[in-house]
1. One residue is enough: does the range 76-95 have a residue meeting the conditions more than 25 Å from VAL140 (Cα to Cα) and either surrounded by fewer than 20 Cβ atoms within 10 Å (Cβ to Cβ) or in contact with a Cys (Cβ under 8 Å, 6 or more places away or on another chain) (or both)?
2. For the range 41-86, which positions are part of a strand (DSSP E or B), under 21 Å from ASP104 (Cβ atoms) and hydroxyl-bearing (Ser, Thr, Tyr)?
3. Answer with yes or no whether ASP160 is at pLDDT 95 or above and more than 25 Å from GLY48 (Cα to Cα).
4. Within the range 56-74, how many residues are surrounded by 15 or more Cβ atoms within 10 Å (Cβ to Cβ) and either farther than 14 Å from GLY99 by Cα or without any contact (Cβ under 8 Å) to a residue 24 or more places away in the chain (or both)?
5. Looking only at the range 149-164, how many residues end up being of a type outside the set (Ser, Thr, Tyr) and surrounded by fewer than 20 Cβ atoms within 10 Å (Cβ to Cβ)?
6. Just to be sure before I move on: is VAL146 of a type in the set (A, V, I, L, M) and either touching a Leu at 6+ places or on another chain (Cβ under 8 Å) or surrounded by fewer than 16 Cβ atoms within 10 Å (Cβ to Cβ) (or both) in the structure I sent?
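The values are calculated or read from the model by the stated rules, or taken from the named source; none is laboratory data. In this text the structure is predicted, and so the values were computed from the model without any measurement. Cβ placement follows ideal geometry from the backbone for every residue including glycine, while neighbour counts extend to all protein chains displayed.
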Amino acid sequence: MPKIKLNSKIMAATMLLCTLTTFSQTAQAQRLRPTSLLNAKCVDSGAGSVRVEDQDVAIGRSVYTSMFHLGSGNRSASLTCKIKPNRSLEPVFQTLNLGFGMRDNDQSSPRVAVNIYVDGRQVANQTVRPTEKTELAVDVSTASNVTIETVCSSQSQYCDRVYFYQAMLQPKMPVPIPAATKK
């Protein structure tokens with residue numbers, strides 16, 4: 001009889017351990033989900049406009065839901081976001097994935113340069129024109145701030161807006177803690 005009780009206690013403890021491990025892995029996976037850049041503290045600057053709104057737009061004969069757009073007009077517009085939380089000693093994100101383009105509507109618009117800055121240093125530059133879309137992955141593993149800037153290629157002609165349908169921050173993977181070794 002005592003052997004059966006001991007076996008059932010071991011089995012119950014094993015099941016509890018498996019449940020707690022699964023719960024811990026699920027909680028960790030939820031913390032590692034991508035988050036929108038717009039969840040960070042963001043401010044706009046430049047002579048142009050920044051507008052945050054979901055809007056369906058046609059880019060390259062496909063429909064995308066834009067999260068925000070930058071309208072440089074005939075100058076520039078930019079959005080700067082603080083991506084390192086105040087309470088964190090280290091940056092918490094690995095990559096910023098961007099997807100953007102210009103609508104099919106105004107094919108006579110001049111091209112627009114999209115510049116990406118990480119902590120004030122330019123790390124990427126991509127020029128788009130109407131009907132074109134582009135996707136970029138930017139390393140933000142050491143970053144506190146990210147700036148997206150659009151610059152019109154013409155000072156005399158109005159440039160159409162650049163629509164961002166993807167702006168997601170991928171979290172850093174946690175560093176595994178090595179198991180203690182027995183001697």
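1. Checking the range 76-95: not a single residue is more than 25 Å from VAL140 (Cα to Cα) and either surrounded by fewer than 20 Cβ atoms within 10 Å (Cβ to Cβ) or in contact with a Cys (Cβ under 8 Å, 6 or more places away or on another chain) (or both).
2. Passing the criteria: SER49, SER62, TYR64, THR65, SER66.
3. Values: at pLDDT 95 or above: yes; more than 25 Å from GLY48 (Cα to Cα): no.
Against the criterion (at pLDDT 95 or above and more than 25 Å from GLY48 (Cα to Cα)), ASP160 does not qualify.
4. Qualifying residue count, the range 56-74: 4.
5. 2
6. Taking the combined requirement at face value, the residue satisfies it.
Table: residues versus (1) buried (at least 19 other Cβ atoms within 10 Å of the Cβ); (2) of a type in the set (Ser, Thr, Tyr); (3) touching a residue at least 24 places away in the same chain (Cβ under 8 Å).
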| site | (1), (2), (3) |
| --- | --- |
| LEU98 | yes, no, yes |
| GLY101 | yes, no, yes |
| SER108 | no, yes, no |
| ALA124 | no, no, no |
